[in-house]
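Colleague: Sending over a structure as structure tokens; questions will come in a sec.
The values are calculated or read from the model by the stated rules, or taken from the named source; none is laboratory data. Note that this is a predicted model, so its numbers are computed, not measured. Using ideal geometry, Cβ is built from the backbone for each residue, glycine included, and neighbour counts are taken over all protein chains shown.
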Amino acid sequence: AQSVAQPEDQVNVAEGNPLTVKCTYSVSGNPYLFWYVQYPNRGLQFLLKYITGDNLVKGSYGFEAEFNKSQTSFHLKKPSALVSDSALYFCAVRGTGRRALTFGSGTRLQVQP
Amino acid sequence: GAVVSQHPSWVICKSGTSVKIECRSLDFQATTMFWYRQFPKQSLMLMATSNEGSKATYEQGVEKDKFLINHASLTLSTLTVTSAHPEDSSFYICSATYRDSNNSPLHFGNGTRLTVT
């Protein structure tokens, strides 16, 4: 079975400050890891993915994520937050042999001006 | 590229009626589509995997006779909620991948908010 944990329901950060949204995972075999963002009453937008290679993955809108195999983590980061980054963020994992994604519970990011 | 269109974006129906939700991949062929359900302030729960030309694979606890899935072509999958009840009210989201590969991301439709009165 595969699972994802996002320990924070909400993260608050001031505009211009760095942000981190945490994610840990459990999966059999090599993990395929993804981050998505959701705005109210909308579907999910793909931000970035880790498949293999460099542990630091760069994605859309200035976001990046760091894969840490020993800690089974894939935290989402951004050096300088924008108010427009305020949204719901989901971490997801896909294990070997399973094509559907398993999502974490989501973290609401609130960036204050 | 990789646009997934979902229709309708919202629907209100009466108990006992059926509602059909369409999911289309506009600029790519999707051999597999996935249907998720999202309750308020909760994560996405996979309902079923829809394969073109074959029967859908349902997750444990999802009633296949309640949630009928048809994947008639490489660009269209439909979810029909039959004999809807208020507890079926939810946000339904479809997704598709354009490569038959584990490392390709899923692309999501904008979701359908179903309210059953």
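Colleague: Please determine, by comparing only the residues of region A:1-43 that are over 13 Å from the mean Cα position of the chain (by Cα) and among the aliphatic types (A, V, I, L, M), which one is surrounded by the fewest Cβ atoms within 10 Å (Cβ to Cβ).
Modeller: Looking at residues that are over 13 Å from the mean Cα position of the chain (by Cα) and among the aliphatic types (A, V, I, L, M), I get A:A1.
Colleague: Also, I was wondering about something else. Hey, among the residues in region A:81-108 that are of a type in the set (S, T, Y) and within 8 Å of chain B (Cβ to nearest Cβ), which one's surrounded by the fewest Cβ atoms within 10 Å (Cβ to Cβ)?
Modeller: My answer is A:T96.
Colleague: I've got another one for you. With respect to the numbered conditions (1) within 12 Å of chain A (Cβ to nearest Cβ); (2) surrounded by 12 or more Cβ atoms within 10 Å (Cβ to Cβ); (3) in contact (Cβ under 8 Å) with a residue 24 or more places away in the chain, which one is the sole condition not fulfilled by B:L46?
Modeller: Single failed check for B:L46: (3).
Colleague: So, B:S89, is that one of a type in the set (S, T, Y), touching a His at 6+ places or on another chain (Cβ under 8 Å) and either under 21 Å from A:V93 (Cβ atoms) or surrounded by 14 or more Cβ atoms within 10 Å (Cβ to Cβ) (or both) or not?
Modeller: Criteria not met by B:S89.
Colleague: Say whether the condition of being within 11 Å of chain A (Cβ to nearest Cβ), closer than 27 Å to A:Q6 by Cβ and modelled with pLDDT under 90 is met by at least one residue in region B:16-36.
Modeller: yes
Colleague: Can you tell me which of (1) within 14 Å of chain B (Cβ to nearest Cβ); (2) surrounded by 18 or more Cβ atoms within 10 Å (Cβ to Cβ); (3) not small (G, A, S) is the one A:K78 doesn't meet?
Modeller: Going through the list (1) within 14 Å of chain B (Cβ to nearest Cβ); (2) surrounded by 18 or more Cβ atoms within 10 Å (Cβ to Cβ); (3) not small (G, A, S), A:K78 breaks only (1).
Colleague: Related question: If you check B:S43, B:S5, B:S83, which single one turns out to be at positive phi and hydroxyl-bearing (S, T, Y)?
Modeller: B:S83
Colleague: Kindly indicate the residue of region B:80-117 that is in contact with an Asp or Glu (Cβ under 9 Å, 6 or more places away or on another chain) and away from every other protein chain (no Cβ under 14 Å) and also farthest from B:W10 (Cα to Cα) among those meeting that condition.
Modeller: So the residue we want is B:T82.
Colleague: Continuing with this model, one more query. Test B:Q38 against the criterion of being surrounded by 13 or more Cβ atoms within 10 Å (Cβ to Cβ) and within 12 Å of the chain's Cα centre (by Cα), and give yes or no.
Modeller: It is true that B:Q38 is surrounded by 13 or more Cβ atoms within 10 Å (Cβ to Cβ) and within 12 Å of the chain's Cα centre (by Cα).
Colleague: Let me ask another. Just to be sure I understand the filter: pairs with C-beta atoms under 6 Å, separated by 6 or more residues or on different chains, first member in region A:38-62 and within 10 Å of another protein chain (Cβ to nearest Cβ) and within 23 Å of B:I93 (Cβ to Cβ), second member surrounded by fewer than 13 Cβ atoms within 10 Å (Cβ to Cβ) and at pLDDT 90 or above. Which pairs pass?
Modeller: A:L47/A:S60
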